[in-house]
Amino acid sequence: MKKIFIIVAMALAGTTTQAVENVNNVDTFDMSTNMNSLSKYLNLSNEQLQGVSNTHETFCAEVKEIGTTNDKRDEKMDIAIKRNIKYMKMYLEKDQYKKYLRVLNATLVNKKLVR
């Protein structure tokens, strides 16, 4: 199971390099989400919600900042994604983490930040 998560994380990070260079719209880098919906979908406890919320806010700020610059955008995006999934793994249980990876991947693909 760990191998699957590592493969998904690496796939997210690897595909980011190709797509991020083609994105110039700063609004595309707005990763904010409805935490109530995410909390219900992942079935988070109150303790988990606080950690996930803080981690997600940090991720949103990093991604938004990445959108304002063209300097090494792909590398910065890879780092931000890796950091986000690393911290989320600390707060989420296995099933929740798998669901979160699916949501994150879908969001990044829909915003054309990864393919």
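The values are calculated or read from the model by the stated rules, or taken from the named source; none is laboratory data. All values derive from a computational prediction rather than experimental measurement. Because the Cβ atoms are built from the backbone with ideal geometry, glycine has one as well, and the counts that use them run over all protein chains shown. For accessibility, only protein heavy atoms count, side chains too; no ligands or nucleic acids. Shrake-Rupley method; radii C 1.70, N 1.55, O 1.52, S 1.80 Å.
Do we have Ile79 as free of Cβ contacts under 8 Å to residues at least 40 places away in the same chain and surrounded by 14 or more Cβ atoms within 10 Å (Cβ to Cβ) here?
Details: free of Cβ contacts under 8 Å to residues at least 40 places away in the same chain: yes; surrounded by 14 or more Cβ atoms within 10 Å (Cβ to Cβ): yes.
Yes, satisfied.
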What number of residues within segment 82-102 are open to solvent by 50 Å² or more (accessible area, probe 1.4 Å) and assigned to a helix (DSSP H, G or I)? 12
So, in segment 43-64, of the ones that are more than 14 Å from the chain's Cα centre (by Cα) and over 15 Å from Val103 (Cα atoms), which residue ends up surrounded by the fewest Cβ atoms within 10 Å (Cβ to Cβ)? Asn46
